[in-house]
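A short worksheet on the structure shown next.
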Amino acid sequence: MTTISDTAIGADVRPASKSKARNLSLDRARTFLTLVVLLHHAVIPYTYFGHTDPTEWIGFDLIVLANDSFFMAMFFFLSGLFVWPGLGHKAPLTFIRDRLLRLGLPFAICALTLIPLAYYALALQGGSDLTFSAFWWKTVTVGPWPSGPIWFVWVLLAFDVTACLLYRVSSTLVFPINRVSQLGFKEPWRFWLLLWIVTEIAYIPMLVHYGVNHWFEFGPFSVQASRVLLYASYFFIGAGVGCASMATGVLGPDGQLPKSRWNWLFVTLLPYAGMWCMIFVKREILGNPPHLPSWYHAIYGSFFVLFSAAILLTILAFFLHSKAPGPTLLDRMQGEAYGMFLVHYPIVLWIQYYLFDVSVPAIVKATIAFVLTVILSWAATAALRKIPGATRVL
């Protein structure tokens, strides 16, 4: 049997060549994740976790728990796939300038406009009598100044800048990760094992120390404390996978991962069930205490990282296997996906605000919120991209 160490010594990792051809499977996976984000925010008010509406449905708790346990980590992984080739073909200042334009500028605009507009809906729902101008001024001067989902954008920018600095130190820094990815072409479990071990080390100590509710915050710059290193791990492991040809690695369309997709789906269900068992323990045995013991965080966190690693491979396996020629709905939406992520939050919160007093089941409210959010955020992004130069940003 070939060992990891033997392969690491003998493998020749060649940097990925610059190519204008898009990876259809990864594009579809990224657009799918964008829709998952929109769905996540559309159903949260109708769950036990975020019950801010008179109606609720337990099925949405199943969705929210699954989403919250993987989708942002997967976004960082997919973003990391393309950072090393980009660094290899751009001067450092050019790379950082492009990232500032693509990430920094949208973050600043959204933090000053769309995010206050989104949270104004929540303020009105909570009984605030402030005008929007007064609410906006209080938000940016006194605070709190929440960032909503766009926290991802500034954290990704920080990771990109860090990657740029590390690349200048050593362009081969992530090559060992790629060697494990190459092993994953035939044996995906090897890559899954790497992902699990690294994220276990990155996440569990932070979770035990900070818990789940603590955020690092400075103005609109915020990130969940327990997950900072988890997200960094996914980003840089993604960079390692993408630093050389992905066709011969764990994400190779002819590899074992897409062939074993149903096995990975089964593997994913096991830690997901484990998380629900721990939630039962927290509620029914521990009595939902405000501060959970360290042993609870360690066990729950282990199920969390196992699920996150497994579902990432499961989703990618299904998209790698799909041979749909297109253009599918995901293909048509791909160009606007990033913009939809940026603009959807005020749309969904205002829809939920107007649905609050409507006497219909939670499933109906969530369906209306999701469908309208997709349509309106897609249309808004398409309109914005018609502004000259906007496609360089959105």
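Here are some notes:
- Matching residues in the range 351-373 - criterion: being of a type in the set (Phe, Trp, Tyr), more than 14 Å from LEU38 (Cβ to Cβ), in contact (Cβ under 8 Å) with a residue 24 or more places away in the chain and part of a helix (DSSP H, G or I): TYR353
- Test for LEU156: is it open to solvent by less than 40 Å² (accessible area, probe 1.4 Å) and either hydrophobic (A, V, I, L, M, F, W, C) or part of a helix (DSSP H, G or I) (or both): yes
- Members of the range 80-93 that are under 18 Å from LEU320 (Cβ atoms) and assigned to a helix (DSSP H, G or I): GLY80
- Candidates are the residues of the range 254-281 that are part of a helix (DSSP H, G or I) and in contact with a Pro (Cβ under 8 Å, 6 or more places away or on another chain); the one that is surrounded by the fewest Cβ atoms within 10 Å (Cβ to Cβ) is GLN256.
- Filtering LEU394, LEU376, LEU342 for residues that are in contact with a Cys (Cβ under 7 Å, 6 or more places away or on another chain) and either more than 30 Å from PRO188 (Cα to Cα) or assigned to a loop (DSSP other than H, G, I, E, B) (or both) leaves a single hit, LEU342.
- Of the candidates THR172, THR162, THR139, THR131, the single residue that is among the hydroxyl-bearing types (Ser, Thr, Tyr) and open to solvent by less than 20 Å² (accessible area, probe 1.4 Å) is THR139.
- Selection of first residues in the range 91-107 that are at positive phi and of second residues that are surrounded by fewer than 18 Cβ atoms within 10 Å (Cβ to Cβ) and among the acidic types (Asp, Glu), restricted to Cβ pairs under 6 Å at least 6 apart or on distinct chains, gives an empty result.
- Applying the condition of being of a type in the set (Lys, Arg) and open to solvent by 70 Å² or more (accessible area, probe 1.4 Å) to the range 347-394 and asking which residue is farthest from ARG102 (Cα to Cα) yields LYS386.
- Counting only residues that are in a helix (DSSP H, G or I) and surrounded by 14 or more Cβ atoms within 10 Å (Cβ to Cβ), the range 282-293 holds 1 of them.
- Any hit, the range 190-212, residues being within 30 Å of ALA111 (Cα to Cα) and assigned to a loop (DSSP other than H, G, I, E, B): yes
- Filtering the range 314-344 to residues that are crowded, with 21+ Cβ neighbours inside 10 Å and touching a Pro at 6+ places or on another chain (Cβ under 6 Å) leaves ALA317, LEU320, LEU342.
- Output for the range 86-128, where each listed residue is open to solvent by less than 20 Å² (accessible area, probe 1.4 Å) and among the polar types (S, T, N, Q): none
- Some residue of the range 176-191 being free of Cβ contacts under 8 Å to residues at least 12 places away in the same chain and among the acidic types (Asp, Glu): no
- Residues of the range 228-253 that are over 21 Å from GLY104 (Cα atoms), open to solvent by 20 Å² or more (accessible area, probe 1.4 Å), assigned to a helix (DSSP H, G or I) and touching a residue at least 60 places away in the same chain (Cβ under 8 Å): MET246, THR248.
- No other residue among ALA309, ALA324 is of a type outside the set (Phe, Trp, Tyr), assigned to a helix (DSSP H, G or I) and out of contact with any strand residue (DSSP E or B) (no Cβ under 8 Å at 6 or more places or on another chain) apart from ALA309.
- Residue match in the range 45-59 (condition: assigned to a helix (DSSP H, G or I), in contact with a strand residue (DSSP E or B) (Cβ under 9 Å, 6 or more places away or on another chain) and either open to solvent by 20 Å² or more (accessible area, probe 1.4 Å) or hydrophobic (A, V, I, L, M, F, W, C) (or both)): no
Yes/no per residue for (1) closer than 17 Å to LEU78 by Cα; (2) in contact with a His (Cβ under 7 Å, 6 or more places away or on another chain); (3) of a type in the set (Lys, Arg):
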residue	(1), (2), (3)
LYS138	no, no, yes
THR141	no, no, no
SER170	no, no, no
VAL174	yes, no, no
LYS186	no, no, yes
ARG190	no, no, yes
LEU193	no, no, no
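- Qualifying positions in the range 142-153 - open to solvent by 20 Å² or more (accessible area, probe 1.4 Å) and in contact (Cβ under 8 Å) with a residue 24 or more places away in the chain: PRO144, TRP145, PRO146, TRP151
The values are calculated or read from the model by the stated rules, or taken from the named source; none is laboratory data. This is a predicted model, so every value here is computed, not measured. Methodologically, a virtual Cβ is constructed for each residue, glycine included, from the backbone with ideal geometry; neighbour enumeration extends over all protein chains shown. Note: areas computed on protein heavy atoms with side chains; ligands, DNA, RNA excluded. Shrake-Rupley method; radii C 1.70, N 1.55, O 1.52, S 1.80 Å.
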